[in-house]
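Accompanying notes for the structure given below.
The values are calculated or read from the model by the stated rules, or taken from the named source; none is laboratory data. As the structure is a computational prediction, the values presented were derived from the model and not from experiment. Note: ideal-geometry Cβ built from the backbone for every residue, glycine included; neighbour counts use all protein chains shown. Accessible surface areas use protein heavy atoms only, side chains included; no ligands, DNA or RNA. Shrake-Rupley method; radii C 1.70, N 1.55, O 1.52, S 1.80 Å.
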Amino acid sequence: METLIAGSNVKVNQEGYLLDFSQWNRTIGEQIAQAEGIVMTPRHWEVIEWLQEQVKADKALSIRGIKKSGVLDIKEFYALFPGGPLKISTKIAGVPKPKSCI
Amino acid sequence: MKNLIILGAGTAGTMMANHLRPKLKKSEWGITVVDQYKTHYYQPGFLFLPFDIYSEEQVKKIGRKFIPKGVKYVQKKIEQIFPEENRVQLEDETLDYDLLIIATGSKIAPEEVEGMKAENWLKNIFDFYTFEGALALRNKLREWEGGRMLVHLTEMPIKCPVAPLEFAFLADSYFKEKGIRDKVQITYVTPLSGAFTKETCSTALGYLLKEKNIGLEIDFAIESVDNENNLIIDYGGRKIPFDLLVTVPTNMGDEVIARSGLGDDLNFVPTDPHTLQSKHHENIFVIGDATDVPASKAGSVAHFEAETLTDNILLYIQNKPLKPEFDGHANCFIETGNNKALLIDFNYKQEPVAGTFPIPGLGPLKLLKESVLNHWGKLAFRWIYWNMLLKGRPIPLVSRNMSTKGKKI
């Protein structure tokens, strides 16, 4: 479905994840973050950019992957995106929610 | 004379030996299976062992009995694979191969979480993914008088992803029958955003947890276990207290994969998801839990993979292109307690949906719906496993690729 985020019409799924990364920009990310109760800092954006690079390189995202990333540790990941860091950060980043196979 | 070596005599390795022996000329190909253990466990039975539904004897047999005549069975530890030199180092001998099948499976690695395998391991912290763990838990449950029970899943991927949830459902029935359900608080703790690992299931089956009064804690990525205060703690500092922790630890591929430099972070071997050929060595094929393909780690998956892999190995030997055929097909019974079960049938692309199985429109089994018949299907599966599946016999009406017929898509 289409929805209006930060003045742009974007395609999202039922949970509010962007379906087309080319429609993403920082203002949209900022707006999604706000709805999740997160105020973005430069450090937040560094992590978001890293996540986007991983997805572009077709690498699966996981909590374990964060541990080995060298970019940040899991504690910091939780501090930046409290609750469910992976699902919240990917939503802000405009990339698909990481799937886990059954 | 050429050599085909199969590493691992679990579900996948045993099936491959049975598939390939009749298809490869004995004068041209020798087949060797290597596995360090004598016992072949019926792993789906580990779910029932803690609740005294199955006995010890029902879940184990001598592994050698299932290896066909004309296949050499070597019961030794595998030290290392040398893929560039086409040889495998065992504890006291070296084997050369022309073709290698890796079927070394996956196993629990509780040491990956701080405090999990510590002083309370097998005292009030248990796994049920090993024979030892399931048995120790059975003995504990026989005398346990109640309290807070957590059924916990550490991280994905795990073998048989629905097993922890089935465990929670069966625990509910077990304590009811014992007449102490009111003294037991059951909570399901998962790192995922829902109880089921597939979203369609979470939506269709969410009612089960409510109906059985099972609590749910989601998005819980465990960091450590506090043995002094009986708590599990996540990276965000969230703490959940317990009296009895039933956990599914991190699942990893065998250490031999790490020693040989053939695996990813979790020791799973990078494998083409459709041909099952190793991504890095063309004369190595991988099957079952040992692969990194995004399918369930389950016996049914190994069974469907085995059919495709058999064809591909014959094609490879004839220098013909491989078939990119495997679709991630999985077929799983899910015990829901009270002698009922669900059945799901899905693949890489198709999430589990409602419908009938295996005959479209007729069933008799129903997909994504609880029924008594599905429960009997699950129990009958033990016989099918020992007598048909391991021997590589096709299961009537169930094809290697998932059928969309009879499914409400």
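Couple of notes before you dig in:
- For B:Asp182, the solvent-accessible surface with a 1.4 Å probe is about 130 Å², rounded to the nearest 10.
- In Hz, Karplus ³J(HN,Hα) per residue of the range B:373-383 (6.51, -1.76, 1.60; θ = phi - 60°; x = Gly, Pro): 4, 4, 4, 5, x, 5, 5, 5, 4, 4, 5
- Over chain A, accessible surface divided per residue gives 53 Å², non-protein components excluded, 1.4 Å probe.
- A simple rule links phi to the HN-Hα coupling: the Karplus curve 6.51 cos²θ - 1.76 cosθ + 1.60 with θ = phi - 60°, which for the range B:241-250 gives x, 8, 9, 9, 10, 9, 10, 9, x, 3 Hz, with x for Gly and Pro.
- With respect to chain B, whose longest principal axis is taken over its alpha-carbon atoms, helix B:199-211 is tilted by about 40°.
- Take the Cα radius of gyration of the protein assembly as shown and divide it by 2.2 N^0.38 Å, N being the number of residues; the result is 1.00.
- Pairwise centroid distance, computed over Cα atoms, of the range B:131-208 with the range B:1-27, Å: 37 Å
- Of the trypsin sites (Lys or Arg not before Pro) found in the range A:27-91, the ones in coil according to DSSP and having at most 12 other Cβ atoms within 10 Å of their Cβ are A:Lys59, A:Lys68.
- Summarising the strand pairing of chain B, around 50 percent of its internal DSSP beta bridges are antiparallel.
- Here chain B is treated with +1 on each Lys and Arg Cβ and -1 on each Asp and Glu Cβ, and its dipole about the Cα centre works out to around 2020 debye.
- Counting only Cβ charges, +1 for Lys and Arg and -1 for Asp and Glu, the dipole size of the range B:333-389 around its Cα centre is about 80 debye.
- Using the Cβ-Cβ distance between B:Glu56 and A:Asn25 with R0 set to 51 Å, the FRET efficiency from 1/(1 + (r/R0)^6) comes to roughly 0.25.
- When A and B come together, around 1700 square angstrom of accessible surface is lost from both chains combined, probe 1.4 Å.
- Local net charge near B:Pro68, Cβ-Cβ under 10 Å (Lys/Arg +1, Asp/Glu -1): +3
- Cβ-based charge dipole, the protein assembly as shown, positive-most Cα from B:His40, A:Leu72, B:Val225: B:His40
- If you count Lys pairs in the range B:316-409 whose Cα atoms are under 21 Å apart, skipping same-chain pairs closer than 8 places in sequence, the total is 20.
- Coil-residue GluC sites (Glu not before Pro) of the range B:103-152, DSSP, other Cβ within 10 Å capped at 12: B:Glu119, B:Glu145
- Here the protein assembly as shown has 51 percent of its accessible surface on carbon and sulfur atoms, given a 1.4 Å probe and all protein chains in place.
- Environment charge at B:Ala195 (Cβ cut-off 13 Å; Lys +1, Arg +1, Asp -1, Glu -1): -2
- Considering only A:Gln52, B:Ala295, B:Asn319, the residue lying farthest towards the positive end of the dipole of the protein assembly as shown is B:Asn319, judged by Cα position with unit charges set on Cβ.
- Base-10 log of normalised Debye intensity for the range B:333-389 (one unit scatterer per alpha-carbon) at q = 0.22 Å⁻¹: -0.87
- Where only DSSP H runs of four or more residues are counted, chain B gives -7000 deg cm²/dmol as its mean residue ellipticity at 222 nm, each run worth -39500 (n - 2.57).
- Theoretical FRET efficiency, 1/(1+(r/R0)^6), r = Cβ-Cβ of B:Glu351 and A:Thr3, R0 22 Å, to 0.05: 0.40
- Average accessible surface for the range B:333-389: 43 Å² per residue, computed with a 1.4 Å probe over protein heavy atoms with every protein chain in place.
- Amide H to amide H, with H built 1.01 Å from N, B:Tyr42 comes under 5 Å of B:Lys60, B:Lys61, counting only residues 5 or more places away or on other chains.
- Between the beta carbons of B:Asp182 and B:Glu132, assuming R0 = 41 Å, the FRET efficiency works out to 0.85 to the nearest 0.05.
- Loop-located GluC sites (Glu not before Pro) in the range B:263-350 (DSSP state other than H, G, I, E, B) with a sparse environment of at most 12 neighbouring Cβ atoms within 10 Å: B:Glu282.
- Those residues of the range B:229-243 for which accessible area with every protein chain present is at least 50 Å² below the isolated value (1.4 Å probe): B:Tyr235
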